[in-house]
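Right, one structure below, let's go through it.
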Amino acid sequence: MTIWNKKFECISPGELEQLQLERLQSTLNRVSRNVVFYQKIFEREGIIPERIRELSDLRRIPFTSRRTLRAAYPYDMFAVPLREVVRLQTSSGTTQEPIVVGYTRNDVEHWTELVARVLTGAGINRDDVIQISFDYGLFPGALGMHYGAEAVGASVIPASTAGSRRQITVMRDFRSTVLIAAPGYGLRLARMIREMKINPQDLFLRVGLFGAETWSENLRRELEERLRIKAYDFYGLSELFNPGVASECEAQNGLHIFEDHFIPEIIDPGTGRPLDFGEEGELVLTSITKEAFPLIRYRTGDITTLIKGKCSCGRTLVRMARVKGRTDDMFSVLGVSVFPSQVEEILTRIEGTEPHFQIRIDREADREVVKLLVEISPEIFSDEMKKMQKLKREIKGEIYKLLDLEVEVKLVEPGALIGRGEGVRRVIDNRNRG
Amino acid sequence: MPHQVAVFLENKPGKLERVTGLLAGAGINIRAITIADSGDFGVLKLLVDKPAITCNILAQNGLVATVRRVVAMKIPDKPGGLLNIARILTRQKINIDDAYGFVLKSGETAVFVIQVKDPDTAADLLKAEGIQLLGDNDLYFL
Ligand SMILES: [Zn+2]
């Protein structure tokens, strides 16, 4: 398969290191001059950008957190004056308050190129008709994808948030070959295709690009089977580029991080200690080309591992595993620590399909109560009440057995929890409210 | 044989009205409606004149709905009417997954609906016992 930018995607390790170091130095220089937050940190820690001689020196700089970005709202983290900013987008992340991210003309050009890499990696080219089913208003991913799709020369349909039926009518009539959507929404469309009695083989779809919410290999298989496509994962974050940080190649075995633009690290989310290849922890990214909104050692909150070794596709850029969950999604109740991905695994096994669920934690009369809301799908619905009650008991029982966690299960209508764009909030913790 | 449409509904105000409103808007006649309630959710069952269309309308509006064939029979709306049916079902070892009744013409005829694994066999057995079964048209155009 084709590689969009061989020069950088297949760069030799020695050259990459040199390039990263140069770009890092210039980024550190700029932030130390233009961003008060970094100026103060560098002063306090005695960091002089000119003296950063090796990539490992980066570790001496403290992390930047989402909290810092919120405190800097709206413009305090910008490294250029507003007149150089050509686009402003707000990120209302899954679990967070909004921040504003700006892009210079160069930033948009880089972003577009990185998305072209994402699309080319999934085998997409100028002959494709790409249907983008992300919300163009709220989610930077829609515009980001759009620019990249035009760059590869494909025909782009900004389907945005048209209703499911309309999406499928467009998909059929315009002969879309590529669908770009949140994975949960992809599944919803697959169900609607069945409702509308359309044979997936009569559609022209061949590739799906899914991202913006955590998903699993199970769901990949399901989407590939139901829509008769190859389904690829991509990764990005609104604070940097989303998409455009990493993406899968035809090997579907990890996402290549665009290391000529970002330096990745994995740390222990508890202690901040750097972790090695293959060790699971929080992804930390340093942007080395961004002009308007550069971030140094930014804690993404995403849990993953870095994969060492050559990839069969020929790219030399390091790979990260599919994001397993978010550090801020992990919760502790009555001394038990739980990742939503563990709940997801249990539900997937019981339901036989990708579950949609939400965990709500409340304090009721000094007691912690965990409610698990599970969306009903055609796969698990029964017109016999006793079977529905059995399903509830089974979910409760399995969660207790495997996670040692007592939950109250509530079944809710389809679509009650589903998110678009930036995804479903997996955990809502109300314990420290009011 | 009549068809029954079952819908999953959260137990919240306005949910039932939404379903009946959707069907009324599509010109669908609801012959009978019953709801099994379990606190936080319910399973709504409908006997309608266009079950397949009903199911599609509900699914298109984001609800999970299924359609299945059920056995509907006429019983005299007087004491003992239901008991006789229950005895026959027990004797014939027909396992009922769910059952409900409704009155067609007050004081005259009651209809009893059963949901079973094998509706054809159940229908044959009941017919042989002299029970009057109701077809699609009998239900909707009475
Ligand atoms: Zn590869």
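Inspect all residues belonging to the range A:286-304 and state whether any of them is farther than 30 Å from A:Val108 by Cβ, away from the ligand (no atom under 16 Å from the Cβ) and not small (Gly, Ala, Ser). No, the range A:286-304 contains no residue that is farther than 30 Å from A:Val108 by Cβ, away from the ligand (no atom under 16 Å from the Cβ) and not small (Gly, Ala, Ser). Among the candidates A:Ser337, A:Ser312, the residue that is surrounded by fewer than 19 Cβ atoms within 10 Å (Cβ to Cβ), among the small types (Gly, Ala, Ser), within 16 Å of the ligand (Cβ to nearest atom) and more than 20 Å from the chain's Cα centre (by Cα) is uniquely A:Ser312.
Among the residues making up the range B:83-100, a single one is surrounded by 12 or more Cβ atoms within 10 Å (Cβ to Cβ) and over 18 Å from B:Val111 (Cβ atoms): B:Gln92.
If you go through the range A:163-191 and keep only what is aliphatic (A, V, I, L, M), within 14 Å of chain B (Cβ to nearest Cβ) and more than 19 Å from A:Lys230 (Cβ to Cβ), you end up with just A:Ile168.
To keep it simple, each residue is scored yes or no on (1) within 16 Å of the ligand (Cβ to nearest atom); (2) within 14 Å of another protein chain (Cβ to nearest Cβ); (3) closer than 15 Å to A:Ile395 by Cβ.
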residue	(1), (2), (3)
A:Val318	yes, no, no
A:Asp329	no, no, no
A:Ser341	no, no, no
A:Ile361	no, no, no
A:Ser377	no, yes, yes
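When the range A:256-301 is filtered for residues that are charged (D, E, K, R) and over 24 Å from A:Trp4 (Cβ atoms), the ones remaining, listed by number, are A:Glu265, A:Asp268, A:Arg273, A:Asp276, A:Glu279, A:Glu280, A:Glu282, A:Arg297, A:Arg299. Here A:Glu354 fulfils each of the conditions (1) assigned to a loop (DSSP other than H, G, I, E, B); (2) more than 14 Å from chain B (Cβ to nearest Cβ); (3) free of Cβ contacts under 8 Å to residues at least 12 places away in the same chain apart from (3).
A residue that is part of a loop (DSSP other than H, G, I, E, B), closer than 29 Å to A:Arg30 by Cβ, at pLDDT 95 or above and of a type in the set (Asp, Glu) occurs nowhere in the range A:273-290. Can you spot a residue in the range A:215-229 that is more than 16 Å from the ligand (Cβ to nearest atom), at pLDDT below 95 and in a loop (DSSP other than H, G, I, E, B)? Yes, the range A:215-229 has at least one match.
When you scan the range A:299-317, do you find a residue that is under 19 Å from A:Pro183 (Cα atoms), in the same structural domain as A:Leu114 (by TED's automatic domain parsing) and not polar (S, T, N, Q), even just one? Yes, the range A:299-317 contains at least one residue that is under 19 Å from A:Pro183 (Cα atoms), in the same structural domain as A:Leu114 (by TED's automatic domain parsing) and not polar (S, T, N, Q). Counting only residues that are at pLDDT 95 or above and of a type outside the set (S, T, N, Q), the range A:63-74 holds 1 of them.
Tallying residues that are outside any loop (DSSP other than H, G, I, E, B) and either of a type in the set (D, E, K, R) or not assigned by TED's automatic domain parsing to the domain that holds A:Leu223 (or both) within the range A:158-187 yields 4.
Checking every residue in the range A:194-211 against the condition of being touching a residue at least 12 places away in the same chain (Cβ under 8 Å), small (Gly, Ala, Ser), farther than 26 Å from A:Glu375 by Cβ and buried (at least 24 other Cβ atoms within 10 Å of the Cβ) gives zero matches.
Quick one: would you say B:Asn29 is touching a residue at least 40 places away in the same chain (Cβ under 8 Å) and over 25 Å from B:Asp118 (Cβ atoms)?
For B:Asn29, the condition - touching a residue at least 40 places away in the same chain (Cβ under 8 Å) and over 25 Å from B:Asp118 (Cβ atoms) - is met.
Counting only residues that are without any contact (Cβ under 8 Å) to a residue 60 or more places away in the chain and either more than 16 Å from the ligand (Cβ to nearest atom) or in contact with a Cys (Cβ under 7 Å, 6 or more places away or on another chain) (or both), the range A:241-258 holds 0 of them. For the range B:3-25, which positions are more than 14 Å from chain A (Cβ to nearest Cβ) and either under 22 Å from B:Gly101 (Cα atoms) or surrounded by 14 or more Cβ atoms within 10 Å (Cβ to Cβ) (or both)? Passing the criteria: B:Glu17, B:Thr20, B:Leu23. The set of residues in the range B:34-89 being assigned to a loop (DSSP other than H, G, I, E, B), touching a residue at least 60 places away in the same chain (Cβ under 8 Å) and within 14 Å of chain A (Cβ to nearest Cβ) consists of B:Val70 alone.
The values are calculated or read from the model by the stated rules, or taken from the named source; none is laboratory data. Predicted, not measured: the structure shown is a model, and the values here were computed from it. Glycine gets a Cβ as well: all are built from the backbone with ideal geometry, and neighbour counts include every protein chain shown.
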